[in-house]
Amino acid sequence: MTLVAMDIGTSKICTLVGEADEAGMLRILGVGVVPARGIRRGVVVNIAEATEAIAASVEKAERTSGYQIRRAIVGIAGPYIASVNSRGTASVMRGDRGISPADVQRAVENARTIAIPHSHEILHVLPRSFIVDGQEGIRDPLGMYGFRLEAEVHIVTAQVGPLTNLRRCIEAAQIAVEEFVLSPLASAEAVITEGEREMGVALVDIGAGTTDLAVFVEGSVAHTAVIPVGGQHITNDLAYGLHIPATVAEEIKIKYGHAAAHAIAAEEQITVQGFGENGSLTCSRREMAEIIEARVQEIFQLVLKDLRASGYERLLPAGLVLCGGTALLPGIREVAREVTEMPVRVGMPWDLGGLAETLRSPMFATAVGLLRWGLRMDVATGYTSSGDSWLGRAWRALRGFLREMLPG
């Protein structure tokens, strides 16, 4: 099975071509990474530039893989994303035979019947758990005896305008969108373990334009959010604070940046290129680290504020898993631990074959996760199936049930 994933971010566009072998190992066949243009904080601001960048990424992936790309699973995030938890109820049709996939489907469909603004559309409906005749916390209701089934789901919505603009750019590059997937959900597929999901963990994907959050409790997604601050804000802070061009600020952030100022010697100096006739400037590396640390602290304060508002702050014994390009910043784990008082690690994609060496980095978590999502999901239903999990069995059984009931 060959899959194509496209991660469209503020700083880069990454297209991956991959396939899974019989053992489930994901093998990367092609990689196309180009700088993003025409996109800001996940939103298209210039259709022509965005289309050109997407086409360039696809062309690179085609060239390295030898595969002609026509469809792709696309990761998205931005301030136009919203989410909510909901419940739906269904009466069990044949209680004497146990709960069937059709009963599960009706309960989930009823849970997704919520009032959303006309300007939004539903992106995901993700079942979390079920209640059978008042008994809560049921993961797999199939075959259970009962008369009343309730489904708890996590619903992700997206504003139609930005989503449509992005789709048009992708289609203008001659690529059909197989599915839009919320980026932190995809990233979690690549860097979070099943044990962490069960214990309670928050994925924090710090991209250039936004910081994307996904909380997992008792094995399922419980909360998602997009915080409109990211690595580009650190770059801008350095440009303003040190009076240097943004391109130079980005370069020194990557080369000399550190999120914990106390770890840098006070006398350490770096030379940077200033504006115009200013020529080369000498500045304190600790001063630079202080600027970075202030913004990184703000990012994790905003993450903590969101976790507290959601009610999940105390349900995360596995702490935070960081990914995204900014997760490569030295000292960031230390600052995250100090601000949140939680365990923190940086997530790296694992179990990759083929052209995988350059992808073993937190900055490629979303792209790799999109491929893994594609291996797990059924495009026809739009629901996530988890291999041999109960949900995967439910949807497969439901499709068999529908084939028997419908003519042709």
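Just a few scattered comments:
Results for (1) over 26 Å from I13 (Cα atoms); (2) of a type in the set (V, I, T); (3) not in a strand (DSSP E or B), shown as yes or no for each residue.
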| position | (1), (2), (3) |
| --- | --- |
| P317 | yes, no, yes |
| L322 | no, no, no |
| P330 | no, no, yes |
| R345 | no, no, no |
| T358 | no, yes, yes |
| T366 | no, yes, yes |
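- Here V226 clears all of (1) open to solvent by 30 Å² or more (accessible area, probe 1.4 Å); (2) not in a strand (DSSP E or B) except the condition numbered (2).
- Some residue of the range 278-295 being modelled with pLDDT under 95 and either part of a loop (DSSP other than H, G, I, E, B) or under 21 Å from the mean Cα position of the chain (by Cα) (or both): yes
- Checking the stated criteria, A172 turns out not to satisfy the condition of being in contact with a strand residue (DSSP E or B) (Cβ under 8 Å, 6 or more places away or on another chain) and of a type in the set (G, A, S).
- There is no residue in the range 177-194 that is of a type in the set (G, A, S) and farther than 24 Å from I227 by Cα.
- Matching residues in the range 108-126 - criterion: being in a strand (DSSP E or B) and either in contact with a helix residue (DSSP H, G or I) (Cβ under 6 Å, 6 or more places away or on another chain) or on the phi > 0 side of the Ramachandran plot (or both): E121
- Tally of residues being open to solvent by less than 50 Å² (accessible area, probe 1.4 Å) and touching a Gly at 6+ places or on another chain (Cβ under 6 Å) across the range 12-28: 4
- Residues within the range 156-169 that are small (G, A, S) and out of contact with any strand residue (DSSP E or B) (no Cβ under 8 Å at 6 or more places or on another chain), tallied: 1
- Scanning the range 237-249 for residues that are within 23 Å of T210 (Cβ to Cβ) and open to solvent by less than 60 Å² (accessible area, probe 1.4 Å), we see that the one that is farthest from the chain's Cα centre (by Cα) is G241.
- Within the range 111-129, considering residues that are hydroxyl-bearing (S, T, Y) and free of Cβ contacts under 8 Å to residues at least 60 places away in the same chain, the one least open to solvent (accessible area, probe 1.4 Å): S119
- Residues in the range 273-326 that are more than 23 Å from L185 (Cβ to Cβ) and either open to solvent by 70 Å² or more (accessible area, probe 1.4 Å) or without any contact (Cβ under 8 Å) to a residue 12 or more places away in the chain (or both): Q273, F275, G276, E277, N278, G279, S280, T282, R286, E287, E290, Q301.
- The C-beta contact set for the range 52-64 (first residue closer than 12 Å to K12 by Cβ and touching a residue at least 60 places away in the same chain (Cβ under 8 Å), second residue surrounded by 17 or more Cβ atoms within 10 Å (Cβ to Cβ) and aliphatic (A, V, I, L, M), distance under 8 angstrom, 6+ apart or interchain) comprises I54/M6; I54/I8; I54/I13; I54/I170; I54/A173; I54/I175.
- For T381, the stated conditions do not hold, so it cannot be described as open to solvent by 40 Å² or more (accessible area, probe 1.4 Å), among the hydroxyl-bearing types (S, T, Y), modelled with pLDDT under 95 and assigned to a helix (DSSP H, G or I).
- If only residues of the range 19-43 that are assigned to a strand (DSSP E or B) and under 18 Å from the mean Cα position of the chain (by Cα) are counted, the one that is modelled with the lowest pLDDT is R40.
- Checked against (1) of a type in the set (A, V, I, L, M, F, W, C); (2) farther than 30 Å from T10 by Cα; (3) buried (at least 19 other Cβ atoms within 10 Å of the Cβ); (4) touching a Lys or Arg at 6+ places or on another chain (Cβ under 9 Å), I99 passes all but a single condition, namely (4).
- Among the residues of the range 65-82, the one identified as touching a helix residue (DSSP H, G or I) at 6+ places or on another chain (Cβ under 7 Å), surrounded by fewer than 22 Cβ atoms within 10 Å (Cβ to Cβ) and touching a residue at least 24 places away in the same chain (Cβ under 8 Å) is Y80.
- Count - residues of the range 32-51 that are farther than 23 Å from V17 by Cβ, open to solvent by less than 80 Å² (accessible area, probe 1.4 Å) and among the β-branched types (V, I, T): 2
Matching residues to (1) among the small types (G, A, S); (2) modelled with pLDDT under 95; (3) in a strand (DSSP E or B):
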position	(1), (2), (3)
I69	no, no, no
G75	yes, no, yes
P79	no, yes, no
A82	yes, yes, yes
M93	no, yes, no
I99	no, yes, no
A102	yes, yes, no
R106	no, yes, no
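- Meeting the requirement of 1 or more residues that are open to solvent by less than 10 Å² (accessible area, probe 1.4 Å) and under 17 Å from A82 (Cα atoms), the helices (runs of 4 or more DSSP H) wholly within the range 130-211 are 160-172, 183-191.
The values are calculated or read from the model by the stated rules, or taken from the named source; none is laboratory data. Nothing here was measured: the structure is a model prediction, and the numbers come from that model. Here the Cβ is made from the backbone with ideal geometry for all residues, glycine too, and neighbour counts use every protein chain on show. The protein model used for the area step is the full one, side chains on, heavy atoms only, and it has no ligands, DNA or RNA in it. Shrake-Rupley method; radii C 1.70, N 1.55, O 1.52, S 1.80 Å.
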